[in-house]
Amino acid sequence: MASCVEELHFSHIHIPVTIDQMIPVLPAGPIPAVHGSRLYLSNLDNMIGARVFTPTVYFYKSNYMSSNRKPVTKTLCDALSRVLVPYYPLSGRLREASNGKLEVFFGQEQGALMVEAHSDMGLAELGDLAVPNPTWAPLNYRFPNEEPYKVLDMPLIIAQVTLFACGGFSLGLRLCHCICDGIGAMQFLAAWAATAKTGTLVTNPEPCWDREFFQPRNPPTIKYRHPEFMRIEEGSSLTMSLWKSKPVQKCYKVSQQFQAQLKSLAQPNDMLGCSTFDAMAAHVWRSWVKALDVKPVDYELRLTFSVNARPKLKNPPLKQGFYGNVVCVACGTSPVNNLIKGSLSETSRLVREARLSISEEYVRSTVDYMEIDRPNRLEFGGKLSITQWTRFSLYESADFGWGRPSYAGPIDLTPTPQVCVFLPDGSAECSGATVVCICLPGSATHKFTEFFLCLKDLISNDESE
């Protein structure tokens, strides 16, 4: 079965990029906001984990120099300007209100930022475009001396078009997570792309702001423990081993066949079964903890992952086109020893229980929890966080008129080495494979690969139970 998992390798290269122009992009028409207007952001938008920019990059091999095409940058700017009318909150800025929460504000500085750049390299020199590569970082614009995690007074969309010598180009996009979650970002991206492709404004569905939908209750009513937000002092070797030296980003292409066998091995001993995600998350978590040789073995570790709560909201349901944050953080816990010596099915049951615990009431309880005790720093203690991008229409949403991108997704996970990402396979054959990206110390990469690829031990463990 090891042949059903391919370790992906990326080139360590230097990409020389020259910035040619910086273009502020304003809405193309009137918007329902004036100087001094403010927009409410919900407690889900205000989560500490959302106070970031999510950087992605899209590669296109089409020839932007073809004489019968409008220049790439102008096409993207014109379309973005049109789309910013219905998506006008993305033309504002974030500021902190007197209660410490963020809000969207419309002042002197407004609009998105488009950066045009070029490189003397060709796309073929960038290596394998199927795997995220930290050395692609110059393709996403960052301001000089920009502080990490800065979101206040920043453009909420920062886009960089880099034109390559071969005629291909990339679109590096930084979108503020406070404004939209992954599904909301795909909705916005699809509208921008369709507008660029057709030359006329396309919004389907019509965007809906309505952040007041998630107003906290009065009084706030917390009905769950919310272990996902617990402040934990690191009492294990896990975080130290990840942060003491620069972590290495590893990526694996996991076939549909491997996932199916893993799912069958991960079935808990009950009638409820588990999903492919449950099985994959459990296997990654166990392999990661084994490879890191976490001590002490009785220490309680956490696995967290985001759950799209849209389908849970029935009373009342969300309006169609809502593009804000509608994710809850599910959390499973287990002692190190159980992850190392227990069965895959036991761990997959923990993941399933965490996933199924997210209900409509859990969403409301989360909103109320954030009202009373909003975490003000990211918690990494004893934790692996998995982000599932396989459910996003990354490739389908990003055809701006130059065809499907060769790659669509993140670049560098190493600044947050306790985050693992599941990505869709971007190959043309759409094989149903998943690309797993994870960070490890260099000394642990071989062990992780060995544990992750080997299902033989899982089969023998299940047979012995």
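The values are calculated or read from the model by the stated rules, or taken from the named source; none is laboratory data. Everything quoted here is computed from the prediction, not taken from an experiment. A quick note on method: Cβ atoms are made from the backbone with ideal geometry, for glycine too, and the neighbour counts reach across all protein chains shown. Surface areas here come from the heavy atoms of the whole protein model, side chains and all, with no ligands, DNA or RNA. Shrake-Rupley method; radii C 1.70, N 1.55, O 1.52, S 1.80 Å.
Can you confirm whether Phe322 is more than 28 Å from Gly235 (Cβ to Cβ) and buried (at least 20 other Cβ atoms within 10 Å of the Cβ)? When the stated conditions are applied, Phe322 passes them. For the stretch 337-362, the set of residues classified as free of Cβ contacts under 8 Å to residues at least 60 places away in the same chain, in contact with a Lys or Arg (Cβ under 9 Å, 6 or more places away or on another chain) and among the aliphatic types (A, V, I, L, M) consists of Leu339, Ile340, Ile358, listed by residue number. Within the stretch 122-159, being open to solvent by 30 Å² or more (accessible area, probe 1.4 Å), touching a residue at least 12 places away in the same chain (Cβ under 8 Å) and farther than 26 Å from Ser11 by Cα holds for Tyr149, Leu152, Asp153.
Residues in the stretch 160-187 that are assigned to a helix (DSSP H, G or I) and open to solvent by 10 Å² or more (accessible area, probe 1.4 Å): Gly182, Ile183, Ala185, Met186, Gln187. Among the residues of the stretch 325-355, those that are of a type in the set (Val, Ile, Thr), in a helix (DSSP H, G or I) and open to solvent by less than 40 Å² (accessible area, probe 1.4 Å) comprise Val336, Thr347, Val351. Restricting the search to the stretch 101-121, which residues are at pLDDT below 95 and either part of a helix (DSSP H, G or I) or open to solvent by less than 20 Å² (accessible area, probe 1.4 Å) (or both)? Across the stretch 101-121, the qualifying residue is only Gly107.
Residues that are of a type in the set (A, V, I, L, M, F, W, C), modelled with pLDDT of 90 or more and in a loop (DSSP other than H, G, I, E, B) are absent from the stretch 234-254 altogether.
Among the residues making up the stretch 391-408, those that are crowded, with 18+ Cβ neighbours inside 10 Å and part of a loop (DSSP other than H, G, I, E, B) are Phe392, Leu394, Tyr395, Phe400, Gly401, Trp402, Pro405, Ser406. For Ala190, indicate whether it is surrounded by fewer than 21 Cβ atoms within 10 Å (Cβ to Cβ) and without any contact (Cβ under 8 Å) to a residue 40 or more places away in the chain. No: the conditions fail for Ala190.
Residue pairs whose Cβ atoms lie under 6 Å apart, sitting 6 or more positions apart in sequence or on different chains, and linking a residue in the stretch 416-434 that is surrounded by 14 or more Cβ atoms within 10 Å (Cβ to Cβ) and in a strand (DSSP E or B) to a partner that is at pLDDT below 85 and of a type in the set (Phe, Trp, Tyr), do not occur here. Within the stretch 239-291, being without any contact (Cβ under 8 Å) to a residue 40 or more places away in the chain and hydroxyl-bearing (Ser, Thr, Tyr) holds for Ser264, Thr276.
Pairing each residue of the stretch 48-62 that is basic (Lys, Arg) with any residue that is open to solvent by 30 Å² or more (accessible area, probe 1.4 Å), provided the two are 6+ apart or on different chains, yields C-beta distances under 6 Å for Lys61/Ser406.
Quick grid of which residues meet (1) modelled with pLDDT under 95; (2) in a helix (DSSP H, G or I); (3) open to solvent by less than 20 Å² (accessible area, probe 1.4 Å); (4) in contact with a helix residue (DSSP H, G or I) (Cβ under 9 Å, 6 or more places away or on another chain):
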position	(1), (2), (3), (4)
Leu262	no, yes, yes, yes
Cys274	no, no, yes, yes
Asp278	no, yes, yes, yes
Ala282	no, yes, yes, yes
Arg286	no, yes, yes, yes
Lys290	no, yes, no, yes
Asp298	yes, no, no, yes
Leu303	no, no, yes, yes
Pro311	no, yes, no, no
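Among the residues making up the stretch 1-57, a single one is in contact with a helix residue (DSSP H, G or I) (Cβ under 6 Å, 6 or more places away or on another chain), under 30 Å from Asp373 (Cβ atoms), not aliphatic (A, V, I, L, M) and not in a loop (DSSP other than H, G, I, E, B): Tyr40. Within the stretch 224-238, restricting attention to residues that are open to solvent by 60 Å² or more (accessible area, probe 1.4 Å) and in contact (Cβ under 8 Å) with a residue 40 or more places away in the chain, the residue that is farthest from Pro410 (Cα to Cα) is Tyr224. Inside the stretch 361-388, residues that are over 16 Å from Cys439 (Cβ atoms), open to solvent by 30 Å² or more (accessible area, probe 1.4 Å) and touching a strand residue (DSSP E or B) at 6+ places or on another chain (Cβ under 8 Å) make up a count of 1. Only one entry of Leu76, Leu90, Leu129 meets the criterion of being aliphatic (A, V, I, L, M) and under 18 Å from Ile411 (Cα atoms), and that entry is Leu129. Please state which one of Thr203, Thr195, Thr221 is part of a helix (DSSP H, G or I), farther than 17 Å from Ala408 by Cβ and in contact (Cβ under 8 Å) with a residue 12 or more places away in the chain. Matching residue, one of Thr203, Thr195, Thr221: Thr195.
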